[in-house]
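Beneath this line is the structure, given in structure tokens, with notes to follow.
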């Protein structure tokens, strides 16, 4: 298949024909995620010009200081998915509680999302993103039972992220490969740019965030030191021997 100009919508349509679990409703949610990403990419790009940088004065449930863009991103996501009538509830990093949207029969999904990951980078024009996971409800009970929000990652029917930077890239999977699409701002379309993304069977480098090394369990510390022959105080730790990914 010729991949030049292959849009996200075309990719979703082909997936719908190939995989029975790729339902029309799930397709609608992924298209809506892409639509939200276009709005956010536009607003992030001009945020310094329209007064959207800076703090709100509040904190999110994890204790992080909220930025104006955190709140704005959350509102855009909620509005976009509420309009579909397909999402019963949204779990967001920016909300203290679950946001219940509707109990309509078609609302068979739960969206879990971090609308703006890395918002501390917004004031320095650094890398930021959106992370999302979609679950299908087990029952049609209303209100949505609390157990619906305590699910395994493998229960997700779709997941992905959007990276906003030199290019805006949306990556998604429904369990049949991982594919990335770059936003062509002139066309207003996400075009396939990274097909069937996979980690190498054995990587060159696997990095760990060592800011809290002193709080790691002793067994973890010894494991890292056994691989590298040094502790973090002696320099960057490279865990090349253990970087092994499945690509799923």
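Overview of results
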quantity: First in the stretch 22-35 and at positive phi, second anywhere and surrounded by fewer than 21 Cβ atoms within 10 Å (Cβ to Cβ), Cβ under 7 Å, 6 or more apart; calculated: none
quantity: Pick from the stretch 16-32, criterion farther than 14 Å from residue 136 by Cα and touching a helix residue (DSSP H, G or I) at 6+ places or on another chain (Cβ under 8 Å), ranking: surrounded by the most Cβ atoms within 10 Å (Cβ to Cβ); calculated: 32
quantity: Residue that is farthest from residue 59 (Cα to Cα) [pool: residues in the stretch 116-135 that are modelled with pLDDT of 95 or more and touching a helix residue (DSSP H, G or I) at 6+ places or on another chain (Cβ under 8 Å)]; calculated: 135
quantity: Within the stretch 119-140, tally of residues that are under 21 Å from residue 95 (Cβ atoms) and surrounded by fewer than 15 Cβ atoms within 10 Å (Cβ to Cβ); calculated: 1
quantity: Looking only at the stretch 105-115, and only at residues there that are modelled with pLDDT of 95 or more and part of a loop (DSSP other than H, G, I, E, B), the one that is surrounded by the fewest Cβ atoms within 10 Å (Cβ to Cβ); calculated: 108
quantity: Pair list, Cβ under 6 Å, 6 or more apart: the stretch 142-159 residue assigned by TED's automatic domain parsing to the domain that holds residue 173, other residue at pLDDT below 90 and loosely packed, with under 12 Cβ neighbours inside 10 Å; calculated: none
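The values are calculated or read from the model by the stated rules, or taken from the named source; none is laboratory data. These figures come from a predicted structure and were not determined experimentally. Quick reminder, even Gly has a Cβ in these numbers, built from the backbone with ideal geometry, and neighbours come from all protein chains shown.
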